[in-house]
Structures are given as C-alpha cells and as structure tokens.
Amino acid sequence: MCVCVCKPSYGTSLTDGQWAVIEPLLPRRDPRRGGRPLKFSRRLIIDTVLYVLGSGCAWRLVPHDLAPWDAAYRWFRVWSADGTWDRVHDVLRDQVRRAEGRDPQPSAAVLDSQSAKTSEGGQEVGYDAGKRVRGRKRHLLVDTCGLVLRAVVHSASVQDRVGAKRVLNGIRTLFPQVGLVWVDGGYVNVVDSRLIGWAAETENVEIVAVPRNADVKGFQVLPRRWVVERTFSWLGRCRRLARDYERKTAHAEAMIKVAMIRLMAARLAGEDVEPHGPIETEAARRLTEDLNHK
C-alpha cells in the first residue's frame, strides 16, 4: 500500500513565501543544550495553529496529516508564554511599515474595543450591559494603517474608559513618538472625560474623540475610526476569533497576534490574502484619502 508523505496543504497553510518571512524570526534550538531533536517541523506546527485559527475547530479536531493537536497546542502555549508571538509580530509590523515607506515608530493611533461572546469560562469573563454580551472585550490600539500596536483582552464588564487605561499604560515607552490617539465618543463624554486628563498627564498623549453624526441612522464610516474597524474585520475572517474560545486571556491575545502575523507575512511576501470587491476598493480609497490629508 502506498503511503503519501507529501506536505499537507490547506487554505490556511503558509506558502513558501510566507514561511521565508517568518522562519528567520523564530527561536533557534541550541544543540549544545542537549535534548531530543524536533519530531515535527516548526512550519507544520504553525500550519496546525493556523488551521485552528482559520477554521475555528477545536484543537482535538485538527486533521491527522497536520501535527498532533497536543504538540501544536504545547508549542502555541510555550510561544505565548515566552513572548515569541509578540516578538515575531512586532518585527513584521516594523517591516511592513518600512515597506510602505513609513517610519517604524508610529506617531498616531486609533483605539477601540470589541465585545466577543464566550461560553468556555476561564479568566476574566463578564457581562457587557451596553451590548448585552457575556464574554470578553478585545481592546486594540492600531496605527493609521490598521496594524496592531497593542492588544489587550479583558472582561466584557470592564468599562471602555477603564480598559483604555490598560491599553495606553506605558505606551510611550513602547512607541515614543505616539502623541495622538483617536477614540469614539464612548471613551470621552460629558459624563466622564477623565481619560483625556489621565492620558495627557501620565502618557503625554492627546485623546481626540471622533463622534457620530446624530442625524444619520445606522452604520456610519467615521473618519480615522474606520481604520480600527477594518482591523476587527480582518480578525473576523478567522473563525476562531468569531467567538472567544480561549480560557486564558493571554492565549486570546496570542491568537490576535497570530492572525496579524499571517496577514503581514503575506504582504511582505507580495501575496494578497484579502478579498476583492466594492467594499475593499472603497476602504482602500478612504485609507489613501486619510493618509493624504494627515
């Protein structure tokens, strides 16, 4: 009986170009420290993680021609704990910004949150009374291109203004040039505008609210703020992120970073993983318009 040993290829698997971008950034194994050689290649491990991320399946349900689920999950957990996902993500973000002719250090950012349902329990699960969602909030700070600068996952019961402080705390240490952050009206209003004073005093960052037009009903494309909304849409293409299935907030944050790693690696490899259509064409036009008027 013929046994096929060729490398599996799924829609979520890394291409050769994407792997060439990511592989140099992964930690190297030092043979002088001993230990058994790797049984499964790091590329196969990442392909398995991406399959879980893209398909939304449980770890135990990954196909048998990928790495065993326990091995893939073990590496995902280790790389989450030692900061590997964070380091790879940050290096790729700087490379993407350079490739677009921009300074690796951003000077402005956009902040927003997204409530995600969860039924798995675990750390920091609460109820968002405003959106009537039981689960967690994903707080994202992105640059003007939509690339993630910082991702913080916390209980959905935490108010946006409180969650914003978690995201912005120490931001000038990581990104010294950031001096302006756009937010929606929920962060700054007549009831509580203390976030503006806190950000200016603690982080030397100016908070600018982009309010909705009260005369317009339904969905609105708001200046600057639509950039972070598009980032949430990028993440929404990964079915694992359609809900929050992780029991640990660190793993939920790592899944966000893995999704962005795949997207940025594709860009650097000269590949297009984004769908084409009138919505994407309009988004590209608005991005160009915003950047030209910055």
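The values are calculated or read from the model by the stated rules, or taken from the named source; none is laboratory data. If you're wondering where the values come from, they're calculated on a predicted model, not measured in any experiment. With ideal geometry, Cβ positions are generated from the backbone for all residues, glycine too; neighbour counts draw on all protein chains shown. Just so you know, the surface numbers come from the protein's heavy atoms only, side chains and all, with ligands and any DNA or RNA stripped out. Shrake-Rupley method; radii C 1.70, N 1.55, O 1.52, S 1.80 Å.
Miscellaneous remarks
- Using the Cβ-Cβ distance between Thr173 and Asp16 with R0 = 30 Å, the FRET efficiency computed as 1/(1 + (r/R0)^6) comes to roughly 0.20.
- Spin-label model distance (nm) - Arg166 vs Ser193, 7 Å beyond Cα toward Cβ: 2.7 nm
- Gained length - Glu100 relative to Lys39, 0.36 nm times residue gap less alpha-carbon distance: 18.1 nm
- Per residue, the solvent-accessible area of segment 46-204 (1.4 Å probe, heavy atoms of protein chains only, all protein chains present) comes to 43 Å².
- Using the Cβ-Cβ distance between Asn204 and Thr288 with R0 set to 35 Å, the FRET efficiency from 1/(1 + (r/R0)^6) comes to roughly 0.70.
- Take the Cα of Ser119, step 7 Å toward its Cβ, do the same at Ser157, and the gap between the two points is 2.1 nm.
- Lys/Arg +1, Asp/Glu -1 at C-beta; the chain dipole; positive extreme among Tyr10, Ser115, Gly163: Tyr10
- Descending semi-axes in whole angstrom, ellipsoid equivalent of the chain, from the Cα gyration tensor: 34, 21, 20
- Residue (of Leu141, Ala269, Thr48) at the positive-pole extreme of the chain, dipole from beta-carbon charges: Thr48
- Solvent-accessible area of the chain (1.4 angstrom probe, protein heavy atoms only): carbon and sulfur portion equals 52 percent.
- Placing a label point 7 Å from the Cα of Arg134 along the Cα-to-Cβ line, the residues of segment 243-257 whose backbone N sits under 20 Å from it are 243-249.
- Prolate/oblate/rounded label for segment 1-127 (Cα gyration tensor, a/c 1.5): oblate
- Computed over segment 99-205, the P(r) curve from all C-alpha pair distances, binned at 5 Å from the origin, holds 2, 12, 22, 21, 18, 13, 8, 3, 1 percent per bin.
- Distance between the pseudo-spin-label points of Arg87 and Phe232 (7 Å out from Cα toward the beta carbon): 3.3 nm.
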